[in-house]
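Below: the structure, in structure tokens.
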């Protein structure tokens, strides 16, 4: 059976059921299609020009290896072939497919993929960027509870649309750790784990909480943990600092560099620097200040 999905304005043709994604119909052309299938995948690329711990790449192929789960072969950003490890569970295969492997495919297509969550605002969209553990999804969940709508969780894509920088819609769910669910007072009963034995859960969102259309970029907040007693909002006004902050969030950054994407991204980088306000949020590590942090973000964006 073949399934069709839409994400980041791309159409996926998949023999795997991907319930996380938004179903769609087959397009009239395959120009913007990524095909996903199980199949034969080599253990190594014989002509790889770059070899790293988890991936190898040559000009048109990227082989990504998740130990104990699967090998994923990405070709020209158009096909993803999966060779599962024996006894690998479906949840784990999909988790990595729709995370780092999809990010690699986007980079191969020279799409500006960022490690960030995105939310719709009254005037456009904001990005909450940061490394794993910075609190992006928890803050995103708190803002959604206050009436904001999600554009994407943890992986966001920006693109030029009619001469304006836009954030593209991802898919309607959040992945939240058990501690975040407790903080947000969300009952985890009935929620699925992202993969067995990991206390992180999938929170599906309905149409009231998800924006399925692109929105112009308004602001970027770069989150990090800090040791001071209160959260700090620091405007980033210097263009080189803003550019470095943006490039730091490229996802996966090393693969974006290995593909030589930074020069190609230059027009989008300039458009983002021109269009968006940049802030660094140095967040107190304790989680009991979430409400205060959420209110500060809301006040700042207004």
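Is one or more of the residues making up segment 155-165 assigned to a loop (DSSP other than H, G, I, E, B) and either modelled with pLDDT under 95 or more than 14 Å from the chain's Cα centre (by Cα) (or both)? Step through it out loud before you land on a result.
To start, the set of residues in segment 155-165 that are assigned to a loop (DSSP other than H, G, I, E, B) comprises 155, 162-163.
From what's left, either modelled with pLDDT under 95 or more than 14 Å from the chain's Cα centre (by Cα) (or both): 162-163.
Checking segment 155-165: at least one residue is assigned to a loop (DSSP other than H, G, I, E, B) and either modelled with pLDDT under 95 or more than 14 Å from the chain's Cα centre (by Cα) (or both).
Once segment 45-64 is narrowed to residues that are within 12 Å of residue 104 (Cβ to Cβ) and part of a strand (DSSP E or B), the residue that is nearest to the chain's Cα centre (by Cα) is 64. Checking each residue in segment 249-297 for being closer than 23 Å to residue 112 by Cβ, out of contact with any strand residue (DSSP E or B) (no Cβ under 6 Å at 6 or more places or on another chain) and assigned to a loop (DSSP other than H, G, I, E, B) picks out 252, 259, 260. Look at residue 186 and say whether it is more than 20 Å from the chain's Cα centre (by Cα), surrounded by fewer than 19 Cβ atoms within 10 Å (Cβ to Cβ) and assigned to a strand (DSSP E or B). No.
The requirement of being over 19 Å from residue 152 (Cβ atoms), without any contact (Cβ under 8 Å) to a residue 12 or more places away in the chain and in a strand (DSSP E or B) is not satisfied by residue 87.
Does at least one position in segment 117-125 carry a residue that is in contact with a strand residue (DSSP E or B) (Cβ under 7 Å, 6 or more places away or on another chain), under 30 Å from residue 60 (Cβ atoms), part of a loop (DSSP other than H, G, I, E, B) and in the same structural domain as residue 282 (by TED's automatic domain parsing)? No, every residue in segment 117-125 fails to be in contact with a strand residue (DSSP E or B) (Cβ under 7 Å, 6 or more places away or on another chain), under 30 Å from residue 60 (Cβ atoms), part of a loop (DSSP other than H, G, I, E, B) and in the same structural domain as residue 282 (by TED's automatic domain parsing). For the condition assigned to a loop (DSSP other than H, G, I, E, B), buried (at least 24 other Cβ atoms within 10 Å of the Cβ) and either touching a strand residue (DSSP E or B) at 6+ places or on another chain (Cβ under 9 Å) or at pLDDT 95 or above (or both), residue 212 does not qualify.
The values are calculated or read from the model by the stated rules, or taken from the named source; none is laboratory data. The structure presented is a predicted model; accordingly, all values stated were derived computationally and were not measured. A quick note on method: Cβ atoms are made from the backbone with ideal geometry, for glycine too, and the neighbour counts reach across all protein chains shown.
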